[in-house]
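Scroll down for the structure; my scribbles are underneath it.
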């Protein structure tokens, strides 16, 4: 345990990362089981799975970027730089989420045969298309309309940035990528589950009335991530870098 | 049909069983390994994890009976997520302070405190208003920690931080413990929920899945501990699974309204 200004920076990075994950979950169009039956808008799986998916791809791509940086000939003098790592994490998570939403959309459009419609707004804020005529009776929308797709991409970017911002300081603290990844998954799970409890299972994106509940998730994730971050900066390598 | 053994345990009593059983089990495994000088007794760690699983499965059924809106799996993942952090912290701090053997206790205490705080957040900040939320998440966090510790010991055969990091974290076997252990904690209630959910059926199902997880960690132990220790663990896991599977089957028959044979499909349906 050695406390200096870097420890404070690592601590803050982990807290900000946890908050980004918690808020990012609110942007992702999660439909849960109803969406899997094309009876609700969004991706047909739970919040935790989606948050974990985007966060883990963020972790993986951030790790890849860190590896690429360490191969640079000037690495010994330059060291790591956080911005490319965070950007790579965001792009990785966005690709994962967009691929999920795109292939999911193909199934909704061509296999289920449902028109994409949101039940939460009358007009899609981006395309301006009218929504209510296309919402089948007894359902709360189907498929992934444009607004949800855009919102999901933003959410994935926040999740990816969050994942990278948790993973990067952890690697610098304990010098063990495997352990850092698993520790980051632990932090990720806690924040994602708290956020998904806050939205009570399903949300369409930033246009959904439920999105206004985000300050509660912010507070909850702040408290829990601070407790986790204190623990994270206390873990130090013992022998031989493990 | 002979009467099936059922049981009903108070949550407080079950918490004591889970806590004492898992802590004593892990230390017993350490002592047995140290006394005999082998790693054959690592499977006792997996049995200790089963106590944690039963404790956690009961907490899941208490909290989720109120309905949390996101499905039962989320709470299991939360439990294991809190457990992962607590295990790493406990083992590392114990090693730094030079009291390696107390890592289990430090991890447990941290996880209980953290679980209570998360429960408080869930009730106060997010307005869940589930009366047993604080209690339930304290239990779940502790149960997740003990499950991870028990199965980690079953794979590494040692409680030392360096050994666990080398054998469980760096190899990625923790992912298997994470998902299989999570299944053992969250699956029982997920599979048995409904108006006729009974405590004994749910918990027996939990131990059954725990037996399957022990088979999985036994396969991992083949690589880290060698053939003998791994095989013993697989056999023990299979025995646990078989015994509790038969028991679970009987309980399911007991709780079913009727058991009728449907026969094979008629030829026209094939």
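So that you can scan it fast, the table gives a plain yes or no per residue for (1) at the interface with another protein chain (Cβ under 9 Å from one of its Cβ atoms); (2) farther than 26 Å from residue A:167 by Cα; (3) assigned to a helix (DSSP H, G or I); (4) modelled with pLDDT under 90:
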{"site": "B:107", "(1), (2), (3), (4)": "no, no, yes, no"}
{"site": "B:110", "(1), (2), (3), (4)": "yes, no, yes, no"}
{"site": "B:128", "(1), (2), (3), (4)": "yes, yes, no, yes"}
{"site": "B:139", "(1), (2), (3), (4)": "no, yes, yes, no"}
{"site": "B:146", "(1), (2), (3), (4)": "no, no, yes, no"}
{"site": "B:149", "(1), (2), (3), (4)": "no, no, yes, no"}
{"site": "B:158", "(1), (2), (3), (4)": "no, yes, no, yes"}
Open item on the list: If I filter region B:44-62 for residues that are buried (at least 23 other Cβ atoms within 10 Å of the Cβ) and within 14 Å of chain A (Cβ to nearest Cβ), do I get at least one hit?
Closed with: yes
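Conditions tested, residue by residue: (1) assigned to a helix (DSSP H, G or I); (2) surrounded by 20 or more Cβ atoms within 10 Å (Cβ to Cβ).
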| residue | (1), (2) |
| --- | --- |
| B:171 | no, no |
| B:186 | yes, yes |
| B:230 | yes, yes |
| B:246 | yes, no |
Task: Inter-residue pairs, beta-carbon under 7 Å, first more than 7 Å from chain B (Cβ to nearest Cβ) and free of Cβ contacts under 8 Å to residues at least 40 places away in the same chain and in region A:176-204, second surrounded by 24 or more Cβ atoms within 10 Å (Cβ to Cβ) and not in a strand (DSSP E or B), 6+ apart - done: A:180/A:167; A:180/A:170
Open item on the list: Any residue at all in region A:208-230 that's under 16 Å from residue B:92 (Cβ atoms), in contact (Cβ under 8 Å) with a residue 40 or more places away in the chain and either in a loop (DSSP other than H, G, I, E, B) or within 7 Å of another protein chain (Cβ to nearest Cβ) (or both)?
Closed with: yes
- [ ] With the condition kept exactly as written, say whether any residue in region A:9-24 is without any contact (Cβ under 8 Å) to a residue 12 or more places away in the chain and either under 29 Å from residue A:140 (Cβ atoms) or within 14 Å of chain B (Cβ to nearest Cβ) (or both).
- [x] no
Task: Which listed residue, of B:28, B:50, is under 11 Å from the mean Cα position of the chain (by Cα), closer than 23 Å to residue B:222 by Cα, in contact (Cβ under 8 Å) with a residue 12 or more places away in the chain and assigned to a helix (DSSP H, G or I) - done: B:50
- [ ] Just give me the residues in region A:131-154 being touching a residue at least 40 places away in the same chain (Cβ under 8 Å), surrounded by fewer than 24 Cβ atoms within 10 Å (Cβ to Cβ) and assigned to a helix (DSSP H, G or I), in sequence order.
- [x] A:149, A:150, A:153, A:154
Task: Filter result for residue A:183 (assigned to a helix (DSSP H, G or I) and surrounded by fewer than 24 Cβ atoms within 10 Å (Cβ to Cβ)) - done: no
- [ ] Please go through region A:208-242 and pick out each residue that is crowded, with 20+ Cβ neighbours inside 10 Å and modelled with pLDDT under 85.
- [x] A:208, A:235
Open item on the list: Would you confirm whether or not region A:72-92 contains a residue that is over 23 Å from residue A:203 (Cβ atoms), within 14 Å of another protein chain (Cβ to nearest Cβ) and in contact (Cβ under 8 Å) with a residue 24 or more places away in the chain?
Closed with: no
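The values are calculated or read from the model by the stated rules, or taken from the named source; none is laboratory data. Because the structure is predicted, anything quoted here is derived from the model rather than measured. Cβ: placed from backbone, ideal geometry, glycine included. Neighbour counts: every protein chain shown.
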